[in-house]
Amino acid sequence: MATLQKIRSKGPLLLAVIGLALFAFIAEEAFRSWQTTSNNSKQQIGEIAGESISVQDYQSMVDELTEVIKLTQGVNTLSDDQMNQIKDQAWQNFVNYELISAECEKLGLKVTDAEVQAIINEGTNQMLQATPWIDQTTGKFDKDALKKFLAEYSKMDLSKLPSDYAEYYQRMFKFWQYVEKSLRQNTLVAKYQSLLANSFISNPVSAKVSFEGRSTSKDIIAVAVPYNALDSAAVKLTDADIKKLYEEKKEMFKQTVETRDIKYIDILVTPSQADKSQMLSEMEELAAELNEAADASNVVRSSSSLMPYSGLAVKKSSLPTEVANALDSVAAGSLSKPAFNTNDNTFTTFKYYGKVNQPDSIEFRQIQVAAATIDETHKLADSIYTALKGGADFEELAKKYGQTGATTWLTGNQYEGANLDAQNTQFVKTLLGMETNNAQLVNFDQFSSIMEVKTKKAFTDKYDVAVIKKLLDFSKDTYNKAYNDFSSFVAANQKLADLEKNAEEAGYKVLERKDLYNNEHNVCGVHSTRETMKWIFDEAKVGDVSPLYACGDNDHLMVVALTAINKIGYRSFETAKEDLRAEAMRNKAAEKILADVKDVKSLDAAKKVANAKTDTIKHITFSAPAFVGMTISSEPALSGFVAQAKKGEFTGPVKGNGGVFMFQVINEEKGTEKFEAKTEEERLAQIALQAASNFTYDLYQKANVKDNRYLYF
């Protein structure tokens, strides 16, 4: 299965290419802020421009992407967090493509089959480079290898192949379908991007000004009066001052998504000291069993150890850190005493059997044989093996029985740490023990295989270690006590005010979360809180306190109070006031300082102003904000004024972020870079394009996208 391994090795690159190539110009944070939470059409997963998206269609998108990621990462299962990421990526990809493709349809932009085929034939697209169909000599995409695979697949009778091979080829074909679809979508988006990019142009005058602004630097002597140097009594801030700033910046407080503010208590149930003592006793019994066992794999398996053991030697890197660190100081046959690891909350014991030097990479090929019965399987395998020994060509024999006969690689990473059954363990042990270029017939429980090792390399020391590693978990009694205590507290405190008043005395802490979005999958990072989310967004009224929810990985208890519903529209002044207070205070301080220095006309006079600080600031350019150490602030306004000032000229006052500034230019330097008008114009056009990427915000709002996924996922 060389092809599968190639896919896995390219997995991270492939996912990055798919994600970035398709929607690189769309800001992730902007996307999240555009989500809407309308409760209309709740029987659907969402809606775009009046078109509903069904739960089934969305689930198909998630399933498709899930299979691609499983294939590329070489895993069969994914964690809850990984699945949530996939759900978000599938939704985001779908919505963004729908928005862009709708615009392309209006413009007459489309991608033909011939264009897609031309991209495949050219073979330089990054997505193609991340597929397994690569010429091993050149390292480039091999369209002929792809065509060969597709041709073979179209002629295959999958029912006659071993089930694992049939599944493998089906997954490979679906993987290609996903890549081909993504190529088509990427190409359409690229056309739209190109059209958009070529709509932004610059001119020689702007290019010249921009070039001089970033290539000319100036040194100044600056006098700063920091805002924080003023006595608090000298600056009187009123609500009217903050209200004035609120009106100026009201657009910053525009709510395009309905969110919730909550207060909550989250209890994490943890093991008690009694639980720890009980686990230690259990581990001591398991260690004794391990020490006496004729077959350690049975003891490890029955113990439900976090580390599987199949009797295969593994690299140190495949072992838990505490085990790997101990191996050089223990003798073969040694048994370690159970020890608690605070880093991962586990107990560990192990028995060390010895060290071997083995290849970490084996190149081999095989012909798998499976017939209606075991006897027929053995008879057919014998005949194939006899033909091979008689001089038949390995690949020709393989093709005769619906297989390629191509070589593939088995590496330690593929089996070390894996929970192998007896058949797979036998398979690996057989390859490790075989000589190169010597075919061998091996009969397994359900099939036979003619195997031939071509190359063994990367010999390294490996360790045969049976490890029992178990998580210290709380007992049922511990959980019941935590549940009963918290349940009693919640029952006695049915109002938010009571929760806040009595929580600390009961040993709990009330936490707060503002602007909870319905697309966050959970409440404040706690798993399995979908019912809690539904209560918050569908059932609760402001001031309500929720029932007690058992959530997390069966280790959290939670109660929630809804404190505010932030509806679509502008946030109220009262809501925004505290966010604006610091800036309003700076504005008030600036007014006083500006009034105090309005008659200052020279640098010497500026230095005598109360609370003034003086320093030399070098290498200021128009293209980057100056950083002023005296006020510990970034000052783009100061950079703008410095760019316009002449050498020896006193300038000021300038209202900045950290204080009011007055300065004099003492030196000016021109850069050595040569002005290239065309290059500079292209740079400005690109900057304008990046700034204009927020056009997707308008598309999103215009399409009135609704996201009701929280109701189902």
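Listed by first and then second residue, the pairs with beta-carbon distance under 9 Å, at least 6 apart or on different chains, first residue in region 43-69 and touching a residue at least 60 places away in the same chain (Cβ under 8 Å) and closer than 16 Å to Val95 by Cα, second among the small types (Gly, Ala, Ser) and assigned to a strand (DSSP E or B), are Gln44/Ser52; Ile45/Ser52; Gly46/Ser52; Tyr58/Gly46. Of the residues making up region 212-260, those that are under 40 Å from the mean Cα position of the chain (by Cα), open to solvent by 20 Å² or more (accessible area, probe 1.4 Å) and among the hydrophobic types (A, V, I, L, M, F, W, C) are Met252, Phe253.
Filtered by the rule that a residue be open to solvent by 80 Å² or more (accessible area, probe 1.4 Å) and β-branched (Val, Ile, Thr), region 566-586 gives a lone residue, Ile568. The lone criterion from (1) in contact (Cβ under 8 Å) with a residue 40 or more places away in the chain; (2) of a type outside the set (Asp, Glu); (3) in a helix (DSSP H, G or I); (4) touching an Asp or Glu at 6+ places or on another chain (Cβ under 6 Å) left unmet by Ala458 is number (3). Please work out if Lys456 is out of contact with any Phe, Trp or Tyr (no Cβ under 7 Å at 6 or more places or on another chain), within 25 Å of Lys351 (Cβ to Cβ) and either surrounded by 17 or more Cβ atoms within 10 Å (Cβ to Cβ) or of a type in the set (A, V, I, L, M, F, W, C) (or both). Spelling it out, it is not the case that Lys456 is out of contact with any Phe, Trp or Tyr (no Cβ under 7 Å at 6 or more places or on another chain), within 25 Å of Lys351 (Cβ to Cβ) and either surrounded by 17 or more Cβ atoms within 10 Å (Cβ to Cβ) or of a type in the set (A, V, I, L, M, F, W, C) (or both). Evaluated against (1) surrounded by fewer than 13 Cβ atoms within 10 Å (Cβ to Cβ); (2) more than 30 Å from Phe537 (Cβ to Cβ); (3) out of contact with any Asp or Glu (no Cβ under 7 Å at 6 or more places or on another chain), Gln701 falls short on exactly one condition, (2).
Quick one: is Ser272 hydroxyl-bearing (Ser, Thr, Tyr), free of Cβ contacts under 8 Å to residues at least 24 places away in the same chain and within 24 Å of Ser305 (Cα to Cα)? Answer is no for this residue.
One residue stands out in region 587-608 among those that are surrounded by 17 or more Cβ atoms within 10 Å (Cβ to Cβ) and touching a helix residue (DSSP H, G or I) at 6+ places or on another chain (Cβ under 8 Å): the one that is farthest from Tyr246 (Cα to Cα), namely Val600.
The residue of region 270-301 that is farthest from Tyr517 (Cα to Cα), among those that are out of contact with any Ser or Thr (no Cβ under 7 Å at 6 or more places or on another chain) and part of a loop (DSSP other than H, G, I, E, B), is Ala294. Checked against (1) open to solvent by 40 Å² or more (accessible area, probe 1.4 Å); (2) in contact with a Leu (Cβ under 6 Å, 6 or more places away or on another chain), Thr616 passes all but a single condition, namely (2).
Matching residues to (1) part of a helix (DSSP H, G or I); (2) without any contact (Cβ under 8 Å) to a residue 12 or more places away in the chain; (3) surrounded by 17 or more Cβ atoms within 10 Å (Cβ to Cβ); (4) under 35 Å from the mean Cα position of the chain (by Cα):
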site: Asn480; (1), (2), (3), (4): yes, yes, no, no
site: Ala491; (1), (2), (3), (4): yes, yes, no, no
site: Gln494; (1), (2), (3), (4): no, no, no, no
site: Asn502; (1), (2), (3), (4): yes, no, no, no
site: Lys509; (1), (2), (3), (4): no, no, no, yes
site: Ile536; (1), (2), (3), (4): yes, no, yes, yes
site: Val560; (1), (2), (3), (4): no, no, yes, yes
site: Ala564; (1), (2), (3), (4): no, no, no, yes
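For region 362-382: of the residues being aliphatic (A, V, I, L, M) and modelled with pLDDT of 90 or more, which is nearest to Gln446 (Cα to Cα)? My answer is Ile374.
Glu682 - would you say it is closer than 17 Å to Ala197 by Cα, open to solvent by 70 Å² or more (accessible area, probe 1.4 Å) and not hydroxyl-bearing (Ser, Thr, Tyr)? Yes.
Considering only residues in region 644-679 that are closer than 25 Å to Ser633 by Cβ and of a type in the set (S, T, N, Q), the one that is most open to solvent (accessible area, probe 1.4 Å) turns out to be Gln644. For region 232-252, a tally of residues being at pLDDT below 90 and either closer than 12 Å to Phe573 by Cβ or not in a loop (DSSP other than H, G, I, E, B) (or both) returns 3. Of all residues in region 160-180, those satisfying the criterion of being open to solvent by less than 80 Å² (accessible area, probe 1.4 Å) and without any contact (Cβ under 8 Å) to a residue 12 or more places away in the chain are Asp164, Ala166. Assess whether Glu531 counts as being open to solvent by 30 Å² or more (accessible area, probe 1.4 Å) and either in a loop (DSSP other than H, G, I, E, B) or in contact (Cβ under 8 Å) with a residue 40 or more places away in the chain (or both). The answer is no for Glu531.
Each residue in region 136-157 was checked for being farther than 16 Å from Thr404 by Cβ and open to solvent by 50 Å² or more (accessible area, probe 1.4 Å), and 4 pass. When Trp91, Trp133 are screened for being of a type in the set (A, V, I, L, M, F, W, C), under 22 Å from the mean Cα position of the chain (by Cα) and open to solvent by less than 70 Å² (accessible area, probe 1.4 Å), only Trp91 passes. The set of residues from region 89-141 being β-branched (Val, Ile, Thr), out of contact with any Gly (no Cβ under 9 Å at 6 or more places or on another chain) and modelled with pLDDT of 90 or more comprises Ile100, Val111, Thr112, Val116, Ile119, Ile120, Thr124. Restricting Gly123, Gly74 to those that are at positive phi, open to solvent by less than 50 Å² (accessible area, probe 1.4 Å) and over 27 Å from the mean Cα position of the chain (by Cα) reduces the list to Gly123. In this structure, is Ser304 in contact (Cβ under 8 Å) with a residue 24 or more places away in the chain, under 30 Å from Thr349 (Cβ atoms) and touching a Gly at 6+ places or on another chain (Cβ under 7 Å)? So Ser304 does not fit the description; no.
The values are calculated or read from the model by the stated rules, or taken from the named source; none is laboratory data. These figures come from a predicted structure and were not determined experimentally. Positions of Cβ are backbone-derived with ideal geometry, glycine not excepted, and every protein chain shown enters the neighbour counts. Surface areas here come from the heavy atoms of the whole protein model, side chains and all, with no ligands, DNA or RNA. Shrake-Rupley method; radii C 1.70, N 1.55, O 1.52, S 1.80 Å.
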